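Read the structure below first, then the notes.
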Amino acid sequence: MEEPVTTQPEESNVEAPDSSAVVGTSEQKSTDAEVERSEDNPDSSAITETSEQNICLEVEKPENKPDSSGDVSENTSEKPDDKPVVDSTSNTDKAAEGPEKGQTNGSTKEEPPSGLEKKIIRQIEYYFGDINLGKDKFLQQQIKEDDGWVKLETLLTFNRLHALSDDSGIIVQALRKSTSGLMEISEDELKVRRSPSKPLPELSRERQAELKARSVYAKGFPLDITLDELMAFFETFGMVENIFMRRDVKRKFKSSVFVLFQQTESAKKFLEDDTLKYGDVELIRHFKDDYFKKKADEKIQRKEDSQKKDDEERSKKRQRINRTSLKK
């Protein structure tokens, strides 16, 4: 996860297949620009039921081999056998000793995370979260190699995380202040993994319905808004799991976003007011699923209108031909 956004230009009907701003991406830092993906054009004829896969678009991840730029190299060093320490004690002596290596994040009493630490937590928990991890092929491959563990040095090659900090010690310190319990830190503090106690949920019909209930569409943000600004705005309604900045074929922000809240109540809260403005601009708001249905209905209507116009033109043409034939 990473930064928020806003804008309010005219929304085109065509959306770039490879443009968007997700809350986070795990690209290699050697890439000069963040790769942004966009959802399928809502105006396409194949508007299907929203699934977990299209809540946040997939960003391609580098293979475990050099990429086209030649900057990504396979790490063949031997992995130490480090597992998280399961601390089953609860005596005051343990608490006085401070954080112990290998604990699940959020398991130690520390001062609240700073602004930077919050961004680091959000970014890493996005990488390993339900939306991204289910389709992140690169991370999936890394996880298979070492019982779920991924080296911090690997994560620090991801552009968005590297832009926040390239110091693994700062990353570990931030994760220890997370309260989600999603991530675990290895004993030697060189690796992290998603907690085995929080497996990825299956994409059942119930899961799809639940995702729909938490997903909203909003339009009317400034074209130059940042992801951090968008995040700050939407988090006034509740915790945000993902923000997707929609872009046109030229990769320009279309002033609209898809947002996945962590709680259904937060999505309802965002939509409940009769009017809501960002700056001086009133936002257009819908549930994401309703937005797709609306675009599908509009496409059908355009097709019907076009067919009606063509029929009228053909009818007029036949009438002219008939009048010409009668005169002869």
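The values are calculated or read from the model by the stated rules, or taken from the named source; none is laboratory data. Bear in mind that the values here come from a model prediction, so they are computed numbers and not experimental data. Every residue, glycine among them, receives a Cβ derived from its backbone with ideal geometry; neighbour counts consider all protein chains shown. Heavy atoms of the whole protein, side chains included, go into the accessibility calculation; ligands, DNA and RNA do not. Shrake-Rupley method; radii C 1.70, N 1.55, O 1.52, S 1.80 Å.
Step by step: first the residues of the stretch 194-211, then only those that are over 18 Å from the mean Cα position of the chain (by Cα) and surrounded by 14 or more Cβ atoms within 10 Å (Cβ to Cβ), then the one that is farthest from I131 (Cα to Cα). Which residue is that? In this case the residue turns out to be S195.
Listed here are the strands (runs of 3 or more DSSP E) enclosed by the stretch 160-247 that have at least 2 residues being touching a Cys at 6+ places or on another chain (Cβ under 8 Å): 240-247.
Does the stretch 228-242 contain any residue that is open to solvent by 60 Å² or more (accessible area, probe 1.4 Å), more than 29 Å from G148 (Cα to Cα) and touching a Leu at 6+ places or on another chain (Cβ under 9 Å)? Looking through the stretch 228-242, none of the residues is open to solvent by 60 Å² or more (accessible area, probe 1.4 Å), more than 29 Å from G148 (Cα to Cα) and touching a Leu at 6+ places or on another chain (Cβ under 9 Å).
Within the stretch 212-227, the set of residues being surrounded by fewer than 18 Cβ atoms within 10 Å (Cβ to Cβ) and in contact with a helix residue (DSSP H, G or I) (Cβ under 6 Å, 6 or more places away or on another chain) comprises just one member, A213. Beta carbons closer than 6 Å, at least 6 apart along the sequence or on distinct chains, never pair a first residue in the stretch 108-135 that is under 22 Å from L260 (Cβ atoms) and part of a loop (DSSP other than H, G, I, E, B) with a second that is open to solvent by less than 30 Å² (accessible area, probe 1.4 Å) and at pLDDT below 90. For the criterion of being among the polar types (S, T, N, Q) and out of contact with any Lys or Arg (no Cβ under 7 Å at 6 or more places or on another chain), S178 passes.
Note on the stretch 265-289: among residues that are part of a helix (DSSP H, G or I) and surrounded by fewer than 15 Cβ atoms within 10 Å (Cβ to Cβ), the one that is modelled with the lowest pLDDT is E272. The residue that is nearest to T226 (Cα to Cα), among those in the stretch 243-264 that are surrounded by fewer than 17 Cβ atoms within 10 Å (Cβ to Cβ) and either at pLDDT 95 or above or over 13 Å from the mean Cα position of the chain (by Cα) (or both), is K252.
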